[in-house]
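Since the structure comes first, as structure tokens, the remarks are kept for the end.
The values are calculated or read from the model by the stated rules, or taken from the named source; none is laboratory data. Note that the structure is predicted; figures quoted are calculated from it, not measured. Every residue, glycine as well, gets a Cβ built from its backbone with ideal geometry; the counts of neighbours run over all protein chains shown. These accessible areas exclude ligands, DNA and RNA; they are computed on the full protein's heavy atoms, side chains included. Shrake-Rupley method; radii C 1.70, N 1.55, O 1.52, S 1.80 Å.
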Amino acid sequence: MKRRDFLKTSAVGLAAPSAVFSGTNYKTNKNNPMLVSTWPFGLIANKAGLEAYQNGGNAMDAAEAVARVPEGDPNELSVGWGGLPDEQGKVTLDACVMDSTGNAGSVAFLQNIKHPVSVARKVMEDTKHVMLVGEGARQFAVSQGFEEMDLLTDKAKKAWEKWKKTRKEMTPHETHDTIAVLAQDENGDLAGACTTSGWAYKLHGRVGDSPIIGAGLYVDNEVGAVGCTGLGEEVIKSTGSFLVVELMRQGYDPTAACEEALKRIIKRHNGNPDFQVAYIALRKDGKVGTACLKWSFEYAVARGEKNKLYKTKGML
Ligand code: GLY
């Protein structure tokens, strides 16, 4: 379908729900633990989540385990250790978690700590707060026993030095692949995690959508869990993940909900955004939906023994 036709079709609301739900009508997916995670690295990372389930872990344990895999991989240029730095050559990390009780924790602009997702979980579980940033987040992490280390690898430093010669602005789809993870355990409870090094060569101090509850991640245990990747600024401005959850609450199918949230971004950009945003949604009944603005987007779904990579084509 051409872009113009698509926009025409969407204007008449083909993706709208057949019924408006008040509250939740979704049957809970039980005894069928699941994981949905963004990008091809999600496929390998999901294995750590499946292992967490096998060891008796719940959805939060599994989501955290998945997120820690790319965080701990020095060859991964967009998450955790080895992430591309900001314009000053500093690796600054954003992450958040949200569990089935509606509790949430987050860290932003965190430096020198390899696993921001685990620090975010500590913020959720061991403080009265939701979000810690920068130096305060680092001090908190150290006080909780997290080791400090230099996160700038030779590979990332070389890329930054090359970039400095031209200072060409990098769009997020060129340089970063956030991992968002949605998990549902055997009780049917939902949780999620999201972690990234953000927009490569960003301004020092920039924070994206990934640590913002409701933007990069949102979990409502009655309805579903949603996470995203792509240009964080646009996701923050549309409170993206919360919006997709609320659309599912109203009865939108998970994919239709993701598409509806993206249509608002498309509209704001006069039908022609030149960046990527992709959503993944896991509804309470175990139904998965995704959508992305442009090009294509890959995500991994693990269900029981199966763990498979899927591709979604861009809406435009
Ligand atoms: N979506 C990740 C970021 O914009 O930082």
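Only a single criterion out of (1) in a loop (DSSP other than H, G, I, E, B); (2) open to solvent by 50 Å² or more (accessible area, probe 1.4 Å) is not satisfied by E76, namely (2).
Residues considered: I266, I213, I280. Of these, the only one that is away from the ligand (no atom under 16 Å from the Cβ) and either within 18 Å of the chain's Cα centre (by Cα) or open to solvent by less than 10 Å² (accessible area, probe 1.4 Å) (or both) is I266.
Tell me, yes or no, whether the range 110-125 has at least one residue that is of a type in the set (A, V, I, L, M, F, W, C), open to solvent by 10 Å² or more (accessible area, probe 1.4 Å) and over 16 Å from the mean Cα position of the chain (by Cα). Show your work before the answer.
Just the residues of the range 110-125 that are of a type in the set (A, V, I, L, M, F, W, C), to begin with: 110, 113, 117, 119-120, 123-124.
Subsequent filtering for residues that are open to solvent by 10 Å² or more (accessible area, probe 1.4 Å) retains 124.
From what's left, over 16 Å from the mean Cα position of the chain (by Cα): 124.
Taking every residue of the range 110-125 in turn, at least one turns out to be of a type in the set (A, V, I, L, M, F, W, C), open to solvent by 10 Å² or more (accessible area, probe 1.4 Å) and over 16 Å from the mean Cα position of the chain (by Cα).
So that you can scan it fast, the table gives a plain yes or no per residue for (1) within 16 Å of the ligand (Cβ to nearest atom); (2) within 15 Å of the chain's Cα centre (by Cα):
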residue	(1), (2)
A59	no, no
V66	no, yes
S78	yes, yes
P85	yes, no
T92	yes, no
C96	yes, yes
S100	no, no
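Considering V130, V97, the condition of being open to solvent by 30 Å² or more (accessible area, probe 1.4 Å) and among the β-branched types (V, I, T) is satisfied by V130 alone.
Report yes if G188 is of a type in the set (G, A, S), under 16 Å from the mean Cα position of the chain (by Cα), away from the ligand (no atom under 15 Å from the Cβ) and modelled with pLDDT of 95 or more, otherwise no. Even if it seems obvious, please write down each step before you answer.
Working: of a type in the set (G, A, S): yes; under 16 Å from the mean Cα position of the chain (by Cα): no; away from the ligand (no atom under 15 Å from the Cβ): yes; modelled with pLDDT of 95 or more: yes.
When the stated conditions are applied, G188 does not pass them.
Taking (1) touching a Ser or Thr at 6+ places or on another chain (Cβ under 7 Å); (2) assigned to a strand (DSSP E or B); (3) closer than 18 Å to E246 by Cβ; (4) not small (G, A, S) in turn, T195 satisfies each apart from (3).
If we scan the range 246-256, do we find a residue that is touching a Cys at 6+ places or on another chain (Cβ under 6 Å) and either open to solvent by less than 10 Å² (accessible area, probe 1.4 Å) or over 21 Å from V301 (Cα atoms) (or both)? No, the range 246-256 contains no residue that is touching a Cys at 6+ places or on another chain (Cβ under 6 Å) and either open to solvent by less than 10 Å² (accessible area, probe 1.4 Å) or over 21 Å from V301 (Cα atoms) (or both).
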